[in-house]
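Below: the structure, in structure tokens.
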Amino acid sequence: MPSAAVRHLSPLDRLLVEAQRALETALGDPPAARPYPAVAPDPSLSEPERRHAAGLMRINHVGEVCAQGLYFGQAAVARDPATRGHLLEAAQEETDHLAWCARRLRELDSRPSLFNPLWYAGSYGIGLLAGLRGDGWNLGFVVETERQVEAHLDEHLGSLPADDRRSREIIRVMKDDEARHADHAEAAGAKVLPPPIPQAMAAASKLMKLVAYRL
């Protein structure tokens, strides 16, 4: 029995796929493939505690929007199928994080960042530039991104209201996933990014966190 023909996407098809991904990530509510990790009872938080927890989860949601943009941008120009597969696999787990953060924001009577389309577009552009440098640099950006995300998730675990176990349960799973993505990228041949790239990424992340906490 003959095998089904593999459809090759035209440049227009690829553009439409990327546009759909961008809209789903920045403005939609993509479903998670894994169960929601928050199982603790929802705590009774004071209004300042609720706003603070929501601000932190909004930062985490923006971080996942940026990760999606970065990985899909890198995957669009990755030369090695194995590297592209690694990026898309990581992006799928980031979709879980995106959905979990969005759900927790709703539980906290809050919303995602108003600037998500801009966060996604900027990250996608960075991903394209990284990917064009070659697969070793592609994977190097994965490692640096995930290590920086790990660090700020650690900060959030210490900063969340003491009773907010639900947000902590989400963040702990996310942190484990980010560490695994970085480890896999290192094992796959990631290059160490030279200065000032990590410092520039950290500065951009700091700006994002300041804005996303409130908007």
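Using per-residue counts of other Cβ atoms within 10 Å, averaged over each peptide, order 129-135, 34-40, 98-104 from highest down.
So the peptides 129-135, 34-40, 98-104, ranked by packing, come out 98-104, 129-135, 34-40.
Using alpha carbons only, how many degrees (0 to 90, rounded to 10) separate the axis of helix 81-107 from the longest principal axis of the chain?
For helix 81-107, the angle is close to 20 degrees.
Which whole-percent values make up P(r) of segment 140-193 when all C-alpha to C-alpha distances are grouped in 5 Å steps starting at zero?
Result returned by the calculation: 4, 22, 26, 18, 13, 9, 5, 3, 0.
Find out how many positive minus negative residues lie around Glu155, taking Lys and Arg as positive, Asp and Glu as negative, among other residues whose Cβ is under 13 Å from that of Glu155.
After counting each charged neighbour, the total is +2.
With only alpha-carbon atoms counted, please give the Rg and Dmax of segment 90-187, in Å.
Rg, Dmax (Cα atoms, Å): 14.8, 45.
Taking 1 over the mean of 1/r across every pair of different Cα atoms in the chain, what Kirkwood radius in Å do you get?
Kirkwood hydrodynamic radius for the chain: 17.8 Å.
Figure the gain on full extension for Glu47 and Ala202 (residue separation times 0.36 nm, minus the Cα-Cα span) and round it to one decimal in nm.
52.8 nm
Estimate the FRET efficiency between Leu114 and Tyr36 by the formula 1/(1 + (r/R0)^6), using the beta-carbon distance for r and 35 Å for R0, to the nearest 0.05.
0.90
Just to be sure I follow: if Rg is taken over the C-alpha atoms of segment 31-99 and Rh is the Kirkwood radius over the same atoms, what is Rg/Rh? Spell out each step's value before the answer.
On the way: Rg = 15.8 Å, Rh = 13.9 Å.
The Rg/Rh ratio comes out at 1.14.
Per DSSP H run of at least 4 residues, take -39500 (n - 2.57); add these up for the chain, divide by its residues and hand me the 222 nm value, nearest 500 deg cm²/dmol.
Roughly -25000 deg cm²/dmol at 222 nm, from the helical runs in the chain.
About its Cα centre, what dipole magnitude does the chain give when the only charges are +1 on Lys and Arg Cβ and -1 on Asp and Glu Cβ, stated in debye to the nearest 20?
Roughly 420 debye for the chain.
Angle check, please: helix 47-77 long axis (alpha carbons) against the longest principal axis of the chain (alpha carbons), in degrees 0 to 90, nearest 10.
0
For the residue pair Ala19 and Leu128, what label-to-label distance in nm results when each label sits 7 Å from Cα along the Cα-to-beta-carbon direction?
1.4
Return one number: the angle in degrees, 0 to 90 and rounded to the nearest 10, between the long axis of the Cα atoms of helix 135-159 and the longest principal axis of the Cα atoms of the chain.
It is inclined by approximately 10 degrees.
For segment 25-68, count the residues as N, evaluate 2.2 N^0.38 Å, and divide the Cα radius of gyration by that value, please.
Numbers: Rg = 12.9 Å, N = 44, 2.2 N^0.38 = 9.3 Å.
So the Cα radius of gyration is 1.39 times the expected 2.2 N^0.38 Å.
The numbers here are math on the coordinates, done by the rules we state, and not lab data. None of the values given here were measured: they were computed from a predicted structure. Cβ coordinates were reconstructed from backbone atoms using ideal geometry, including for glycine residues, and neighbour counts include every protein chain displayed.
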